[in-house]
């Protein structure tokens, strides 16, 4: 089994919580807020320019093509994409192939996705994809969660997608859970098990 992971690097800039100091003036607090936002933009904007989907997806496709033609020539290949990486996983599941017709992806898993075109990108899925969604995700709102559920449920049975929503979870819960919070840690571990079980299920009968 060959497993490949794609992730959104800019999200790491948001990983460390911003703790607002107490007992300071509102003017100082405003300056701190502005500084914090500026720091995020300083890291995020250049990243988004250099890693826009039009730039990154061809690289991802070329990489998966190379894997399929070499180490993964006779093995199932899966992709686990988190945040921005989920968009790439979903697009790989559109049925992209090597020049000789072998699929680049056999099954995919996405955790707390972002920047998906919902439902357009999901309607093109022809490989099984498992979704781990956060109920309180700032990137995927309640209405979009319902759209994802409906779209995946209406795909042909052969594609076998699944959607699981984690109550109370926020964006990043799969990979940036606070392990000091038992509920958060439990949900991260549950999402991990969701991914493992999914790939085991869809890889057991795949051969080339």
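Overall form of the stretch 141-208: oblate. Here a/c, set by the Cα gyration tensor axes a ≥ b ≥ c, is 1.5 or more, and a/b is not larger than b/c. Between residue 97 and residue 157, the modelled label-to-label distance comes to 2.5 nm, taking each label 7 Å out from Cα in the direction of the beta carbon.
Here the extension length gained between residue 62 and residue 28 equals 7.4 nm, from 0.36 nm per residue of separation less the Cα-Cα distance. Going by a ≥ b ≥ c, the root eigenvalues of the Cα gyration tensor, does the stretch 77-199 fall in the rounded group (a/c under 1.5), the prolate group (a/b larger than b/c) or the oblate group? Prolate, because a/c is 1.5 or more and a/b exceeds b/c. Overall, the ratio between the Cα radius of gyration of the stretch 133-180 and 2.2 N^0.38 Å, rounded to two decimals, is 1.30. Helices in the chain, meaning DSSP H runs of at least 4 residues, each add -39500 (n - 2.57). Divided by all residues, the mean residue ellipticity at 222 nm is -14000 deg cm²/dmol. Semi-axes of the equivalent ellipsoid for the stretch 80-131, computed as √(5λ) from the eigenvalues of its C-alpha gyration tensor and ordered from largest down, come to 19, 11, 9 Å. For the chain, the convex hull drawn through the C-alpha positions has a volume of 131 cubic angstrom per residue. Footprinting exposure proxy ranking of 126, 45, 140, fewest other C-beta atoms within 10 angstrom first, gives 45, 126, 140.
Values in this text are rule-based calculations from the coordinates and carry no lab data. Everything numeric here is computed off the predicted structure, so don't read it as measured data. Don't worry about glycine lacking a Cβ; one is built from the backbone with ideal geometry, like all the others, and counts go over all protein chains shown.
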